[in-house]
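A short worksheet on the structure shown next.
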Amino acid sequence: MQLRIDHNNGTPLHLQVEKLLRGLIEHPKYSKGELFPKEVDMANQLGISRNTVRQAISKLVIEGLLERKKGVGTKVVNKNINTKLKSWMSFTQEMNNKGISFVNYEIKVEKVNATTDVANALEIKEDTEVLKLTRLRGDTDGPFVNFVSYLHPRIGLSGNEDFKRPLYEILEQDYSTIVDLSSEEIKAVIPKKQISEKLNISENDPVLKRIRKVYDPGKRPIEYCIGYYRADKFSYTIDIKREFN
């Protein structure tokens, strides 16, 4: 790719380079993770000092658009989907609020006997038959989260519902089951081979494991959900307000 700036333009060189780099960030070649040209190569091609190139790159690093690793190079920062944990919402709401169109890559419905973990979470007897809903979801670049949900038999789901619809919409509109409270645990884990293959990552790549227990207004369990998120595509922030005595 030929890089050029206008040496006769009155605009400072570092600002011209910054504008040039912003264009490269949007280029498919670099937006998908390919390393930027080396600073010295860009400087030589543009006919400017390496310090000028470095100044422009540093500005974009500070803005969180580029990341620079010593001995590796400079590349575009992955656009993580960041979720605030000040309040909770469904996956569909999270994506809609961020203007992200998601894709259902897999939807699987089956009836299974509750394991010890599932039975404890749903407060039912072990081996009770429950509905298990598995959904592999992502964006146009590929899947980035795999949900495995277990639904309380009290709800009355048949398994024939259209689970392309938001789950909580189905529960509330079709079964008069209101979701009110979510108890969550999030941690980084190395996934099993089945999960890493679904998310198109290496077996050694960590994922965010999100365990969610959802309750109705009477604090009765509705759903026990385990979500595995690609760590390079998803992150969480928490707002914590200081309390004064």
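Since every read-out is calculated from the coordinates, none of them should be taken as a lab result. Since we're looking at a predicted model, the values are computed, not measured. Ideal geometry is used to build each Cβ from the backbone, glycine not excepted, and the neighbour counts take in all protein chains shown.
Could you order the peptides 68-74, 147-153, 157-163 from most to least packed, using the average number of other C-beta atoms within 10 Å per residue?
147-153, 157-163, 68-74
Using the Cα gyration tensor of segment 13-76, with a ≥ b ≥ c the square roots of its eigenvalues, what is the shape: rounded (a/c below 1.5), prolate (a/b larger than b/c) or oblate (neither)?
Rounded.
Quick one: check the C-alpha center-to-center distance for segment 157-218 versus segment 23-38, whole angstrom.
With segment 157-218 and segment 23-38 each reduced to a Cα centre, they are spaced 34 Å.
Net charge near Arg154, counting Lys/Arg +1 and Asp/Glu -1 over other residues with Cβ under 14 Å of its Cβ?
-1
Mind sorting Val40, Val109, Val214 by how few other Cβ atoms lie within 10 Å of their own Cβ, fewest first?
Val40, Val109, Val214
If we count other beta carbons within 10 Å of each Cβ, what is the order of Ile62, Ile107, Ile226, fewest first?
Placing the least packed residue first, the sequence is Ile62, Ile107, Ile226.
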